[in-house]
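**Q** Dumping the structure here so I can ask a few things about it.
Just so it is clear, none of the values below were taken in a lab; they were calculated from the coordinates. Just so we're clear, the structure is a prediction, and the values are computed from it rather than from any experiment. Glycine also receives a Cβ, built like all others from the backbone with ideal geometry; neighbour counts cover every protein chain displayed.
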C-alpha cells in the first residue's frame, strides 16, 4: 500500500484542467500544454492531488512575474535547478518563499544557497552531503536534504545506487554529520512514453525508501518524503506512494529554451 493512500481514484492517463479540457499524459509526456492562466493551472493541480502530497512548482527558466502569479494564489514552495538562476530571482521575490534546489548541485555552489534554501532534493554523493553539512554549520542552520537515488535506465541521470547509500550510512563520517536533516529520497524516472516502465521505476524508489526507513531511519520522524513525479507522470507517482511532486510545465507552460 503506497504511503499516501487516499480514497480518490486517480486517472493516470489524463489530467483535467478546470475549464474541462483534458491533457492526455500518455501522449503529452514531456510536452504538456498550458491551457489557461498560471493561477488557474496551479489551483487545478492542487484539486487533483491529496492534501498529503506537497506540490513543488518548478520555476526554472521562468520570469519573476510568473512566479509571483503562482505565489499570489497562496502557493509558497518553488523549485529551481540552477544556483545562479535561483540567486538572481530570490531577492526579487517575497522572503517567505520556500525554495527547493532540485537540480544537480556542484559542491562549490553550496555556500551560495546554504543561508536560505529550504531543501536540497538532489543530494547524489557523500562528498556533496558533507559539504552541505559544513556550509550549514557555518551559517548556523540545519538544512533539509533528500537522497537522490538513480532509478532510471538513462545513464545521464544522477543519483546514488543502494550499495553506495549503504556504504555511506555505515561509514564513520556519516555519524558525524550534524547540520543536515535527511528527510527522505528523490528520484527521476526514465523520459519515456512507457507508463509501465515509469511505474516500475517509481515502485522501486518506494521500495528503496521503505528499506532505508526500516533499516536505518526507523526512529527518525523527519525521514518521510518520497519526491517523485513531474508534469508528465505525477499521477502515476502519487499512486506509487509519492509524497512530493515537482511540476513545472503544467503550471508555467513550456520551458523557455533561450534561458
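**Q** Give me 168, 186 sorted ascending by neighbouring Cβ count inside 10 Å, so fewest comes first.
**A** 168, 186
**Q** At what distance in nm do the modelled label points of residue 92 and residue 112 sit from each other, each positioned 7 Å from its Cα along Cα→Cβ?
**A** In this crude spin-label approximation the distance works out to 1.5 nm.
**Q** Suppose the chain between residue 207 and residue 39 were pulled fully straight at 0.36 nm per residue; how much longer would it get relative to their current alpha carbon spacing?
**A** 57.0 nm
**Q** Continuing with the same structure: Using the Kirkwood formula over every pair of different C-alpha atoms, what hydrodynamic radius in Å results for the range 15-252?
**A** Taking every pair of different Cα atoms in the range 15-252, averaging 1/r and inverting gives 18.3 Å.
**Q** Give the relative contact order (percent, whole number) for the range 133-259; include only Cα pairs under 8 Å separated by 6+ residues.
**A** 22 percent.
**Q** Hey, how many Å between the Cα centroid of the range 101-139 and the Cα centroid of the range 153-200?
**A** 16
**Q** Additional query: Tell me the relative contact order for the range 15-252 as a rounded percent, counting alpha carbon contacts under 8 Å between residues six or more apart.
**A** 22
**Q** If you don't mind, there's one more thing I want to ask. P(r) tail for the range 132-231, what percent of Cα pairs lie past 16 Å?
**A** I get 60 percent for the Cα pairs in the range 132-231 exceeding 16 Å.
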